[in-house]
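Just so you know, all these numbers are worked out from the coordinates, no wet-lab data involved. Just so we're clear, the structure is a prediction, and the values are computed from it rather than from any experiment. Cβ placement follows ideal geometry from the backbone for every residue including glycine, while neighbour counts extend to all protein chains displayed.
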């Protein structure tokens with residue numbers, strides 16, 4: 001089965017960030033192609049996901065290498081083989097600082113068409129520089145998107161063509177689109193891209209094996225716009241609900257007459273999460289990960305799950321959390337009967353913590369520093385034996401190529417801890433909601449107004465902070481670092497595992513009861 | 001909990017590797033004296049012949065009681081060795097070994113625990129050989145006492161050590177003397 005996911009706009013990109021972490025925990029399908037669509041190339045949300053995607057792909061490649069480090073096929077850590085285009089982001093409008101006028105060749109239009117455009121778009125909208133996205137104006141985005149061509153030679157669209165060709169060849173193909181229903185790029189891209197995909201499918205006469213799914217994010221966050229910037233053209237939170245209403249009416253009619261999606265997942269959040277760092281676009285628009293985006297990404301994973309049998313009817317799913325003001329682990333739905341999201345995510349968080357503060361420090365550095373652990377069973381069995389070079393008769397864990405993997409994993413673990421801490425703080429900020437999925441105060445610091453470093457995590461933890469590990473994940477399991485050390489000493493090594501893949505997988509498996 | 005059971009299983013294998021000799025000897029002793037090398041050894045080395053002559057009795061008079069003494073002594077030592085070995089193997093899982101390099105600091109705990117074990121072994125040997133519970137104890141001479149004490153200490157310590165070393169080979173090995181020299185797969 002081939003799976004493709006496209007995140008449209010800032011929200012789409014943010015949902016993909018959650019999806020990547022879920023894939024790292026083993027919740028994803030075997031293979032997945034990931035792409036993003038955003039006119040705002042430098043957007044902070046998109047950039048963050050792009051970086052995370054690259055980190056995921058590189059680390060997975062390093063740890064799934066038959067010759068060096070292999071986690072083995074059975075390992076759930078970084079299970080999903082994610083691929084992407086060299087540039088994972090597709091810019092609908094190329095060129096430097098395009099405007100709507102340029103895109104639709106306004107000056108060359110016949111007078112009557114020009115007049116029609118004048119009715120639909122005011123001069124400010126027509127002349128708006130679109131290099132930072134469509135500024136919350138789906139009417140601009142829709143026109144701009146329609147003006148682009150879905151060319152088979154285009155690197156982004158060629159993937160869609162290949163997907164549809166695979167379906168025609170008999171392979172099952174699933175494509176999923178995530179975007180917001182409000183805002184600019186996402187709102188204008190969701191329907192347009194979906195309809196284009198359907199058109200290509202019809203042109204290629206593919207009637208079976210091809211399934212299209214989508215996640216629509218209803219309003220789930222808001223922000224305060226400074227008085228002095230209220231006149232500028234950008235996504236205004238007070239317009240989100242109206243935009244959503246109109247968009248839902250549109251989709252209701254669209255879905256009534258035409259079956260575009262096989263499954264649609266609709267998610268929102270009430271009360272809206274309040275973002276503290278307003279930025280209208282560009283690299284400063286670096287919004288925090290929010291809980292409702294996790295729902296969208298889990299919807300995508302449910303869509304890709306092999307247990308998900310797609311019916312002929314168009315299905316629309318929605319999800320809700322418990323009625324109280326508290327967000328609990330039980331509010332996280334399963335991906336399928338065999339994929340328990342709660343357990344996998346909790347395991348990944350514990351893995352990230354124990355690797356970052358307990359084991360990575362023992363594995364980082366030269367052999368002269370690392371060798372003090374050489375006689376400990378966990379090290380001897382999981383690291384020493386598997387990084388021992390028979391030719392040089394030495395353990396090479398301190399060599400540059402092995403250190404790269406050790407350090408890359410540490411960086412990824414830091415990202416996981418920042419992601420979950422940021423999500424927990426930012427989702428409930430300024431509302432009367434509570435979210436205590438993890439206890440993060442002892443290892444991290446949260447600054448709501450900071451754009452680039454909302455969450456900083458401590459470089460070192462003292463003994464009492466390490467001791468709080470048992471309360472890290474509020475799932476009632478009371479797993480201690482002591483249990484993890486005990487588990488890594490006893491877990492069985494899979495024969496296919498190699499190099500540092502042995503230690504990484506055993507540590508991951510040890511982070512559950 | 002499963003890891004504790006695994007530790008105890010490994011420990012039992014270690015105890016069994018040497019323990020079968022003790023079990024065999026104890027069984028033979030419970031069976032009583034016969035025409036065997038063991039009876040001769042007790043008669044010639046453990047018992048003071050002069051003292052038997054003083055009381056005008058021969059070895060057959062004390063043999064049954066002496067065999068019973070030795071059987072119960074060995075049974076007690078076997079039980080205490082198994083309990084102490086399994087106790088450390090299971091108990092070491094409750095030491096706070098939560099990060100690399102931390103097991104070493106528990107070496108002192110093991111030394112104290114082992115010291116207690118040796119003291120108990122000595123106490124049991126002294127109780128059986130010096131008290132008036134067994135009549136035959138008064139006929140055990142200095143050489144016999146030294147042999148019983150020395151052999152008991154060496155044999156049961158070795159048995160305990162092998163049990164402990166295998167029981168902690170996976171987890172708390174750094175806390176046990178020389179356990180780090182074991183191969184990683186154990």
By average Cβ neighbour count within 10 Å, what is the ranking of A:185-192, A:397-404, B:38-45, A:71-78 from highest down? A:185-192, A:71-78, A:397-404, B:38-45
Where a label projected 7 Å from the Cα of residue A:495 along Cα→Cβ would reach, residues of the range A:28-68 with amide N under 18 Å: A:66-67
From other protein chains only, count the Cβ atoms within 10 Å of every residue's Cβ in A:380-388, then give the mean. 2
Chain B: calculated mean residue ellipticity at 222 nm from DSSP helix runs of at least 4, using -39500 (n - 2.57): -23000 deg cm²/dmol
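Rank the residues A:206, A:264, A:113, A:502 as a footprinting-exposure proxy: fewest other Cβ atoms within 10 Å of their Cβ go first.
Working: A:206 18, A:264 22, A:113 12, A:502 25.
Exposure proxy ranking, most exposed first: A:113, A:206, A:264, A:502.
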Folded to 0 to 90 degrees: helix A:155-168 orientation relative to chain A principal axis, Cα: 80
How do B:99, B:7 line up, fewest other C-beta atoms within 10 Å first? B:99, B:7
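Sorted by packing (mean other beta-carbon atoms within 10 Å per residue), highest first, where do B:55-61, A:297-303 land?
On the way: B:55-61: 12.1, A:297-303: 27.6.
Those peptides, ordered most packed to least, come out A:297-303, B:55-61.
What number, rounded to the nearest 500 deg cm²/dmol, is the helix-based mean residue ellipticity at 222 nm of chain A, given -39500 (n - 2.57) per DSSP H run of at least four residues and division by all its residues?
Values: 17 runs with 210 residues, N = 513.
Mean residue ellipticity at 222 nm (helix-derived): -13000 deg cm²/dmol.
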Using the number of other C-beta atoms within 10 angstrom as an exposure proxy, rank A:475, A:118 with the fewest first. A:118, A:475
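If you take each beta carbon of peptide B:95-106 and count the beta carbons of other chains within 10 angstrom, what is the mean? It would help to have the intermediate numbers written out before the result.
Numbers: counts 1, 7, 6, 14, 12, 12, 6, 5, 6, 3, 0, 0.
Average per residue, whole number: 6.
From the Cα gyration tensor of the range A:1-49, with a ≥ b ≥ c the square roots of its eigenvalues, which class applies: rounded if a/c is under 1.5, or else prolate if a/b is larger than b/c, or else oblate? Walk me through the numbers before you get to the answer.
Details: a/c = 3.20, a/b = 1.72, b/c = 1.86.
It is oblate, given that a/c is not under 1.5 and a/b is not larger than b/c.
Please report the relative contact order for the range A:344-510, taking Cα pairs under 8 Å with a sequence separation of at least 6, and give it as a percent rounded to a whole number.
Details: 171 pairs, mean separation 42.6, N = 167.
Once divided by the residue count of the range A:344-510, the mean separation gives 26 percent.
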Distance from the Cα centre of the range B:144-186 to that of the range A:408-453, in angstrom? 49
With each pseudo-label sitting 7 Å past Cα toward Cβ, what's the residue A:394-residue B:133 distance in nm, one decimal? 6.0
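Just for the protein assembly as shown, what percent of DSSP beta bridges are antiparallel, to the closest 5? Walk me through the numbers on the way to the answer.
Details: 11 of 49 bridges.
Antiparallel bridges make up about 20 percent of those DSSP assigns within the protein assembly as shown.
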Rounded to the nearest 10 degrees, the helix B:142-167 long axis (Cα) sits at an angle to the longest Cα principal axis of chain B of 20
Chain A: Kirkwood hydrodynamic radius (Cα pairs, Å) comes out at 24.2
State the Cα centre-to-centre distance between the range A:154-171 and the range A:72-100 in whole Å. 16
Looking only at the range A:378-394, which residues have a backbone nitrogen under 15 Å from a spot 7 Å from the Cα of residue A:67 in the C-beta direction? none
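What relative contact order, as a whole-number percentage, does chain A give when Cα pairs under 8 Å and 6 or more residues apart are counted? Write down the numbers at each step before the final one.
Details: 910 pairs, mean separation 93.1, N = 513.
That works out to 18 percent.
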Computed over the range B:2-181, the relative contact order (Cα-Cα under 8 Å, seq sep at least six) in percent reads 41
Which residue, B:31, B:172, B:137, has the most motion in a Gaussian network model of chain B that connects Cα atoms within less than 10 Å? B:31
Within 10 Å of each Cβ of A:489-499, how many other protein chain Cβ atoms are there on average? 2
By how many degrees, 0 to 90 and rounded to 10, does the Cα axis of helix A:111-120 deviate from the longest principal axis of chain A? 50
At R0 = 45 Å, how high is the FRET efficiency between residue B:2 and residue A:124 if r is their beta carbon distance? Nearest 0.05 is fine. 0.10
